[in-house]
Each structure stands twice: as structure tokens, then as C-alpha cells.
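The values are calculated or read from the model by the stated rules, or taken from the named source; none is laboratory data. This one's a predicted model, so the numbers in the text were calculated from it and none came from an experiment. Counting neighbours? That spans all protein chains shown, and the Cβs are built from the backbone with ideal geometry, glycine included. Side chains included, ligands, DNA and RNA excluded: accessible areas come from the protein's heavy atoms. Shrake-Rupley method; radii C 1.70, N 1.55, O 1.52, S 1.80 Å.
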Amino acid sequence: MGTKKKTRRTAGTVLGNNDAGDSISLQWLIHRGLGPAFVAVSLFGLLIRAAVSLHSYSGAGNPPKYGDFEAQRHWMEITLNLPPRDWYTNGTSNDLSYWGLDYPPLTAYQSYFHGLILRFFDPDSVALFTSRGYETYFGKLLMRWTVLGSDALLFFPAVLYFLYVYHYGCNSRSSCEVAWHMVMLLINPCLILIDHGHFQYNCISLGFTVGAVAAILSNRDLVGSSLFCLALNHKQMSAYYAPAFFGHLLGKCIRRRNPLLEISKLGLVVIGTFAIIWWPYLYSTDAIFGVGNKRQLISSFSCTFFFHEIFHLFLCQVVSRLAPFERGIYEDYVANFWCATSIIIKWKRLFMTQSLKLLSLVATVSTFLPSMIQQIRSPSGKGFIYSMLNTSLSFYLFSFQVHEKSILLPMLPASLMAREEPFLYKWLILFGLLSMFPLLHRDGLTPPYMALFALFFLLFHTNQGSKDLGLGIGHSSAAFQYSTTVALLCSFVLHFVYLTAIPPEKYPYLFEAMMMILCFIQFSLLAIYCNWRQWKLSEDLTRSWKEKKLL
């Protein structure tokens, strides 16, 4: 009895210490439970998004092509007024040189759905031809609400699902720690500035991805595979995570009783999801040789020609729009390998596009392959999220035609494990913001940028984020502290210089190049660290298995 009481008292003491260590600033948030806390954080997150949406956006008042805002509105115009077979095809009604649709079909369906809303309230905003450059106050308000609605209906529920799965059963974690993680996921300054400032719908593909991760962590692999296929079919950049999903699911399948059956089920789910989404384009072969001719070909066993025509239409009209190789290996000053090294090696001058495609493919596969292999060998929930981060960083650093906004993809898995790796998440956010600063400044978003920068620092340090600022390896050393301090000072100086100084005429993009190089160095170091951490998980699992065997 005495021993039991002592044990109970000890457990209570530990829990009390956890609670005592929590920030007082979060206690008011969770005093009624995590459910009401999620509602409160969600409302706060939506309020911040609405405040950012009051500012400018990409291409505001900048004819003739405007910017991303006009691209999204134009896709609504096209999908509403043209049949699906013409959405990706150049013609008199759809000039692909004016913001041609270059995302997979789910983006087209999303544009069609949002276009219905705009047409109901403001038909002029999506009228064919006459709505180009449409920038009335009411039209802009409707567009902003479509992004807010997408966030609230898809990304927020996916985050709630993930938090439930990720923290369920972790009795060692206090409510304040879960609430802090909730804040980090829902108030990501980079995602808010890009979707609700610059104007995009990344919340949809990232929401599907978060839901897929949560489903796989709860062993609902078929549901997770289907959700990830939806993410892929909304934005092709979701392929940054594909090696991690493939490696983790394959690693799980080969450890089950019937590996072939498990792999077959996953394959059928993937093929079925893709078939449903792409059906309108396969069905649109009627435009090539008509319904009657198509039936005649099938009835006369000319299946080879029939499927060749389907494949030709599929490849030429749609898939070719999703891979803009003609733009070159990079465009703006993005913090990846090709752009950073172009100061010394003039890639575009020395190599043809075909050679650069091969180089980027080899570099990308070579860097994500170890992470994928680790998950095939030792699949685990934590390793899966590390693998998502590692493979997305590989794509960001080495793949062909990367945009500044692509840093959002590595940020997602970093946010999912922000509890375990707070410094990693903070560092990625800080330098992700810096890498996008020139883009956001051009959009007139400097005030919300600065406000969200400060807000993130405040929220990050409200709880556990302020307790562990290290990477877990030598973070208390003087060298580590010195290097991180220098990097932060360089970041602040570059912000100040960019806003106040005029670059020399000979080097008009000098400041952007300096930001890009600094960010590239930080992202590369984080990639090395994360790969080391992922492979260390295998060593820890092997050591634990050997210890159990000896016992």
C-alpha cells in the first residue's frame, strides 16, 4: 500500500512539474479543455488571415497580366465557361499564354466550384474575356473569402485530425504542449502570407497531405493513400512528399503477412483515385474522333489505337502543362542549389535544357534516396515525418524550376514535429520568411510580413518552444550559439538593407542574391541534420531491439 501511494504521489509530482513548467500565457487557453482551445485558436487564426487579406496581393493594378490573383480568377473564368476538354488546350477561347491552367485537375475542379460562387454573387467577375483584370472591391472580397473558406473547411479539420492522432496516448505531454503545437500548426506566417496575402490555395493540397499523414499514423493506410492522391492532383508539387509516402508504405507492407496483397490494395486505391479525378479528360476523347467512331473502334477490337489516342491526349494536353521545362532550371532568386551556384557556374549558358533536366533529376533522386531507403528498412511514424521533410528539402534544393513558395512544403512536416524539433521549425520559418521577403515586398505585403514575423516569435516562445532552442547535437556549445547568432544578425541586416539601401546599378539584384545565398546555406545545413536524425532513428530501433532480445 505504501509503495502504491508513493508511486501515485510521484506520478502526480511529475505531472505537476509539467504543468508548472508550462507558460502561464497558455493556461487561460486550455482551462476549459483542448476542444474549446482549438476553436479559440482557429478563430484567432482566421482573424489573422482576414487581416492579412486586407492588404495587397500579387499583381495588384499591374497590367497586362497582373499576377497570381488574376491567374486564380482567370482559371475560374475558363472552367466555368468552357468544357473540360478545353481547359488545358490552347484555342480562340483559351489563350494559354494568358495564365494557362498549369495545375492538375483537382485545381481545375476547385476553380470551377469557386467560380460558381463568384458567378452567383458577381457574374461580371468570371465573364469570359471581359473579366480580365477584374479588380472591383466586391470581386476581390469574394476571392479572399474563397481562400478563407478553403482553409476553414479543409486545412483546419485536417490539423485537428492530426493533433488527435499524434498526441493521443502521450500522457507525458501536458495540455499546454498540445495547445502550443496547435498554435504552431494553425498560425504559420509563411503559409498565411502566401495564401491570404500573395494569393494562392496551398491550404487545400497541404490540408489533404496533413489528413493523409494522420490517417497513415493511425494505420489507415488506404485512406491516407487516397488523400495523398488528392493532394497530388491538386498541386503537382505535392510530389515532393511522394518518396516518403512510397518508402514508408512499402516498408509497412513488406512486414505484413501478405505483402503482395497489401501492395495490391494500395495500388488499386491509387489507380482508382487517379481514374476518378482524370475521367473527364479520358472521356473527352470524343473531341478527337467522336462517340460513334470511338464505339466502332472498340467494337472492331482496335483497342491499341484507341488507348494510344487517349494517352496522346492525356500527355499532350494536360501533363505537358504541368511541367514547364521551357522556363529554365530556375527563374527568380530562389534559395536552391542551382540558383545559388549560378553566381559561379552559369548553368543556363553551359547546358541545354535537356542536360539540365537530367542533372537535376540525378541530384534530386540521389539526395532523397537515402531517406526513402531508411523508411523501407525501418518504417516508423517519426521516421515517416522526417522522411517527408528530407525528401521535400531534396526537391526544393535540387529539382527543376523551383519557386520561392515551394519552401512551404518542407515547412509542413517541420510543423508536424515542432514539439520534438522546436529549433528546426523556428529556423525553417525564419529563413523561409527571409527567402520569400523580396517576393512579398514586391506584392506590397511588407507591413503584414513584419507583423507576422513578430507574432511568430511571440507565440513560439510562449511555451515549450522557449525551453529547447537547440538541434539536439552540440546546441549548448559556444560555436553553435555563435553561428546561429551571426546568421540571425545577417538576416536582420539584410532586411534593413533591402528596405533602405539602393543596390549598385551594375548589380541590381545584389541584395536578393545575398538573401538567397544565406537561406541556401541554412536550408542545406538543416537537410544534413534532418537526414542524420532520420538515420539515427534506425540505430535507436536496432539498439532497442537488441536490448529486448538480451532480456
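Rounded, prolate or oblate, given the Cα gyration tensor of region 344-429, with a/c below 1.5 counting as rounded? If you can, show how the numbers build up before the last one.
Values: a/c = 3.41, a/b = 1.66, b/c = 2.06.
Oblate is the answer for region 344-429, as a/c is 1.5 or above yet b/c matches or exceeds a/b.
Summing +1 for each Lys or Arg and -1 for each Asp or Glu, what net charge is found among the other residues whose Cβ lies under 15 Å from the Cβ of SER131?
-1
Ignoring ligands, DNA and RNA, what accessible area per residue does region 22-109 give at 1.4 Å, in Å²?
On a per-residue basis, region 22-109 sits at 43 Å².
Using all C-alpha to C-alpha distances in region 408-458, build P(r) with 10 Å bins and read off the rounded percent in each one.
25, 49, 23, 2
I need the shape label for region 157-289. Rule: rounded when a/c is under 1.5, else prolate if a/b > b/c, else oblate, with a, b, c from the alpha carbon gyration tensor.
Cα axes put region 157-289 in the oblate bin.
Roughly to the nearest percent, how much of the accessible area of region 230-283 is carbon and sulfur, given a 1.4 Å probe?
Percent of accessible area from carbon and sulfur atoms in region 230-283: 75.
Using DSSP to call loops (not H, G, I, E or B), can you name the trypsin sites (Lys or Arg not before Pro) in region 230-279 whose Cβ has at most 12 other Cβ atoms within 10 angstrom?
ARG255, ARG256, ARG257
Working only with C-alpha atoms, what are the Rg and Dmax values of region 23-154, expressed in angstrom?
18.3, 63
Please state the shape class of region 192-236: rounded when a/c is under 1.5, otherwise prolate if a/b exceeds b/c and oblate if not, all from the C-alpha gyration tensor.
Numbers: a/c = 5.42, a/b = 2.23, b/c = 2.43.
Because a/c hits 1.5 or more and a/b fails to exceed b/c, region 192-236 counts as oblate.
By how many nm would the segment from SER483 to LEU47 grow when fully extended, if each residue of separation counts as 0.36 nm and the alpha-carbon distance is taken off?
Stretched out fully, the SER483 to LEU47 stretch lengthens by 153.3 nm.
Run the dipole for region 128-276 about the Cα centre, Lys and Arg Cβ at +1, Asp and Glu Cβ at -1, nothing else charged, and hand back the magnitude in debye, nearest 20.
Once rounded to the nearest 20, the dipole reads 380 debye.
Students often get this wrong, so check it: of LYS65/LYS348; LYS65/LYS426; LYS235/LYS506; LYS140/LYS348, which have C-alpha atoms separated by over 32 Å?
As for pairs spanning more than 32 Å Cα to Cα, those are LYS65/LYS426; LYS235/LYS506; LYS140/LYS348.
Out of the chymotrypsin sites (Phe, Trp or Tyr not before Pro) in region 477-546, which ones are loop residues according to DSSP with at most 14 other C-beta atoms within 10 Å?
Of the chymotrypsin sites (Phe, Trp or Tyr not before Pro), the ones in loops of region 477-546 whose Cβ has at most 14 other Cβ atoms within 10 Å are TYR509.
Return one whole number: the accessible area per residue of region 184-281 in Å², for a 1.4 Å probe.
On the way: 3260 Å² over 98 residues.
Value for region 184-281: 33 Å² per residue.
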